[in-house]
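The values are calculated or read from the model by the stated rules, or taken from the named source; none is laboratory data. Remember, it's a predicted structure, so these values are computed and weren't measured experimentally. Ideal geometry is used to build each Cβ from the backbone, glycine not excepted, and the neighbour counts take in all protein chains shown. Side chains are part of the model used for accessible areas, which takes the heavy atoms of the whole protein and leaves out ligands, DNA and RNA. Shrake-Rupley method; radii C 1.70, N 1.55, O 1.52, S 1.80 Å.
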Amino acid sequence: MNFQELFEQESKKEYFISLMDFVKKDYQEKTCFPPFEDIFNAFKFNDIDQIKVVILGQDPYHEEHQAHGLSFSILDGNPLPKSLINIYKELYDDIGVTRLTGNLTSWAKQGVFLLNNVLTVEKGKANSHKNKGWEIFTSKVIEELNKDEHPKVFVLWGNDAIKKKDIITNSKHLVITSPHPSPLSSYRGFFGSKPFSKINTFLVNNNLEPIDWS
């Protein structure tokens, strides 16, 4: 199955129809993120068989000019959110790479699938679109990625992401879990978890091009 087939299949299901009704209504009545046209941005770069790394977060950033449909990524020219500052600190401590821009599109173009557990959020209210149906959809996405025989690394950051670990049963894939990189939990095991070197070691061992994290 590819993403187009997945969307066609899920869009006919009752949960997805009511989810999209809720999302459209909330976007009409309130300020929500990411911009409506960017909700499925993560799916635009690679299809299931081309994805090498899945980085799963919680839900989009909930302040202006940040979220654009790629987990942890922000629009150009905006100050880095604290979670991303912590990701970059670990990136530097792990493999010595320094990044200045918060836009992670360059990662997405290399086969890094930047997905959130929940794909939309109301302004200023973290997790406000939780339990509306997104979790069913993103579980289905992870299920299809798991079925694919091309080796992938699944990076699950935080409890909401780690709940999806049970879906990833294919021994071809590597699963990396750690606390979320937010300031609330980063010191409980995110720092020092060395995800970036682990990812690239796995990719090289499977004859795949490593990710240029810079």
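Quick notes on this one:
- The helices (runs of 4 or more DSSP H) falling completely within region 127-214 that include 3 or more residues that are within 17 Å of the chain's Cα centre (by Cα) and among the polar types (S, T, N, Q) map to 134-147.
- Exactly one residue out of Ile136, Ile87 is in contact with an Asp or Glu (Cβ under 9 Å, 6 or more places away or on another chain) and either at pLDDT 95 or above or within 16 Å of Met20 (Cβ to Cβ) (or both): that is Ile136.
- Residues in region 84-102 that are outside any helix (DSSP H, G or I), under 17 Å from Leu114 (Cα atoms) and open to solvent by 30 Å² or more (accessible area, probe 1.4 Å): Thr101 alone.
- Within region 142-162, the set of residues being surrounded by fewer than 21 Cβ atoms within 10 Å (Cβ to Cβ) and touching a Gly at 6+ places or on another chain (Cβ under 9 Å) comprises Asp160 only.
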